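Visitor: Quick one: structure below, then a few questions.
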Number of protein chains: 2
Amino acid sequence: MKVLVADDHAIVRKGLKQILLDEYPFGEIEECANAEELLQKANNGKWDVIISDISMPGRSGLEALHQIRLSHPRLPVLILSMHPEEQYAIRALKAGASGYCSKDLAHEELVNAVRRVLTGKKYITPTLAESLATQLEEEKQPEPYKRLSDREFDVFKLLSAGKSVSEIADNLSLSTTTISTYRARILVKMNFKTNADLIRYALENKLI
Amino acid sequence: MKVLVADDHAIVRKGLKQILLDEYPFGEIEECANAEELLQKANNGKWDVIISDISMPGRSGLEALHQIRLSHPRLPVLILSMHPEEQYAIRALKAGASGYCSKDLAHEELVNAVRRVLTGKKYITPTLAESLATQLEEEKQPEPYKRLSDREFDVFKLLSAGKSVSEIADNLSLSTTTISTYRARILVKMNFKTNADLIRYALENKLI
DNA sequence: TTGTTTTGTAGTATAAAGTCTACAATTACG
DNA sequence: CGTAATTGTAGACTTTATACTACAAAACAA
């Protein structure tokens, strides 16, 4: 049982490792603290499963997932997230994640998730499964909001956390006008007029 | 060595526990998953230190901290947070926390923090310490939530409803710079940094 | 496979917001 | 009652944000 664990929080890594070791006493669990490390280690080991946080500094977990999908198409990747939120889950699953579970999962449930993805099945954290199902159903109906691209979503998150355009530009190493462009596209797609709408939306949907 | 650990994420609790057990093999580490449990357990045990997440469902970690301060004035409480944010840290320390550390702390550093608060000293996560120090030094920040004047409150309401400075100026028939001045005063008085903070506050307190 | 839309990125010019400063009117405080 | 702090208001100047435009690369559709 060889597991690669990626999360920027040392405490979370330690917790995961412990939970996994409790279940698989002879398992080999290795940690990475960021996406680069994750990619590197993913390539030079034959893991049974990868468990990765969705949001990490630098290149995000999603991007890493993308890469891994290219080089190891069948390697199960379980995405962990702080946010039991559809937005994130859908994105993760679209990027080829085998499962999505929130960090407030009881550890039995985590073990469960790992077991499922090992057998090639998908796992979705219970609190989400239901609302996700309805949402996918609704997707057939005329949808008021167009889906944001990944980059747009990055910007969306930062904006709704109250970051300014220039802070975001800094953070993502892009020009401020680029961020403005993203912002404008986000507003159009989501039918908002101001950042305040955006923040309100994010708060009401517990995205932040 | 008796430690009470509170966090709504099972994984984080597990990680903390493990880190502490590595350091104090004969320690007695107990977990709570929410603020109620924390308060209850805090009262019926004689702990050496409490480590608690700042944001948990139900009553927040801060509120719990407040309670604990009343009944156990000398018991060290170390606040953990996902956000290495001044806003949170200041609030935590004002509420009587012995320390504030972000969850991305390396575990040696966490152990360090625990050691410090055990000896009655304060601990602040390194990434924050500096900016916090300068901020406190500047003494620019008056007490939070100072009363707003009537005019300021008018502006506050409009801002938190997402109106722009120029809209407000229009609305109140004042110059835009006047509104900017009010806004600046509001931010200082309420210890906010951005409009986003303001909107968040308004939403959380059901002011809009 | 080719044409079309979407996405990622940015420049230029303009509009808006923010900072710093100021000052009279009002209010609170010793 | 007199002095210090707060409030209402705004100008000048600096920094940021936004609209409009553009274009290559990628994704998608026919």
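Visitor: Roughly how crowded by other chains is peptide B:193-200, in terms of the mean Cβ count from those chains within 10 Å of each of its Cβ atoms?
Guide: Numbers: counts 2, 7, 6, 13, 2, 3, 9, 8.
What the average comes to for B:193-200 is 6.
Visitor: Would you kindly derive the ³J(HN,Hα) couplings of segment A:190-200 from the backbone phi angles with the Karplus curve 6.51 cos²θ - 1.76 cosθ + 1.60 (θ = phi - 60°), listing them in order in whole Hz, with x for Gly and Pro?
Guide: 9, 6, 9, 10, 9, 4, 4, 4, 5, 5, 4
Visitor: Residues with amide H under 5 Å of B:SER102's amide H, sequence separation 5 or more or different chain, H placed in the peptide plane at 1.01 Å from N; which?
Guide: B:SER81, B:THR125
Visitor: Tell me, what HN-Hα J-couplings in whole Hz come from the Karplus equation 6.51 cos²θ - 1.76 cosθ + 1.60 at θ = phi - 60° for each residue of segment A:98-111, using x for Gly and Pro?
Guide: Those phi angles translate into 8, x, 9, 9, 8, 6, 8, 4, 5, 6, 4, 5, 5, 4 Hz.
Visitor: Taking amide H atoms as placed 1.01 Å from N in the peptide plane, list the residues 5 or more away in sequence, or in a different chain, whose amide H sits under 5 Å from that of B:GLU28.
Guide: HN-HN under 5 Å from B:GLU28: B:LYS2, B:VAL3.
Visitor: Sorted by packing (mean other beta-carbon atoms within 10 Å per residue), highest first, where do A:39-49, A:147-157 land?
Guide: Working: A:39-49: 14.6, A:147-157: 18.5.
By packing density, highest mean first, the sequence is A:147-157, A:39-49.
Visitor: Also, I was wondering about something else. Placing the label point 7 Å from Cα along the Cα-to-Cβ direction, what are the distances from A:LYS193 to the equivalent spots in the other copies, shortest first, in nm to one decimal?
Guide: For A:LYS193, the other copies' label points sit at 2.9 nm, shortest first.
Visitor: Along Cα→Cβ at 7 Å, what distances in nm separate the A:LYS122 label point from those on the other copies, shortest first?
Guide: List, nearest first: 5.0 nm.
Visitor: Can you give the extra length, in nm with one decimal, that the chain gains between A:ASN171 and A:LYS2 once fully stretched, where that is 0.36 nm per residue apart less the Cα-Cα distance? Write down the numbers at each step before the final one.
Guide: Details: separation 169, 0.36 × 169 = 60.84 nm, distance 3.40 nm.
Taking 0.36 nm per residue and subtracting the Cα distance, the gain is 57.4 nm.
Visitor: Right, another one. Taking the Cβ-Cβ separation of A:ARG151 and B:LYS46 as r and a Förster radius of 60 Å, what is the calculated FRET efficiency to the nearest 0.05?
Guide: Values: r = 53 Å, r/R0 = 0.88.
The calculated FRET efficiency here is 0.70.
Visitor: Given segment A:150-204, what whole percent of its Cα pairs are spread farther than 14 Å? Let's see the in-between values first.
Guide: On the way: 670 of 1485 pairs.
Taking all Cα-Cα pairs of segment A:150-204, the fraction more than 14 Å apart is 45 percent.
Visitor: Partner chain Cβ atoms within 10 Å, averaged over the residues of A:153-163 - can you pull that number for me? Working shown, then result.
Guide: Details: counts 0, 0, 0, 0, 0, 0, 1, 3, 5, 9, 2.
Mean partner-chain Cβ count within 10 Å for A:153-163: 2.
Visitor: Let me ask something additional. Give the accessible area for B:SER173 in Å² (nearest 10); use a 1.4 Å probe, count only protein heavy atoms, and leave out ligands, DNA and RNA.
Guide: 100 Å²
Visitor: Still on this structure: List, shortest first and in nm to one decimal, how far the label point of A:THR181 (7 Å from Cα along Cα→Cβ) is from its counterparts in the other copies.
Guide: 4.0
Visitor: I need the trypsin sites (Lys or Arg not before Pro) found in segment A:64-123, filtered to DSSP loop residues with at most 16 other beta carbons within 10 Å of theirs.
Guide: Details: sites: A:ARG69, A:ARG74, A:ARG91, A:LYS94, A:LYS103, A:ARG115, A:ARG116, A:LYS121, A:LYS122; in loops: A:ARG74, A:LYS103, A:LYS121, A:LYS122.
For trypsin sites (Lys or Arg not before Pro) across segment A:64-123 that sit outside H, G, I, E and B with at most 16 neighbouring Cβ atoms in 10 Å, the list reads A:ARG74, A:LYS121, A:LYS122.
The values are calculated or read from the model by the stated rules, or taken from the named source; none is laboratory data. None of the values given here were measured: they were computed from a predicted structure. Backbone-built Cβ (ideal geometry, glycine too); neighbour counts: all protein chains shown. Surface accessibility is based on the protein's heavy atoms, side chains included, excluding ligands, DNA and RNA. Shrake-Rupley method; radii C 1.70, N 1.55, O 1.52, S 1.80 Å.
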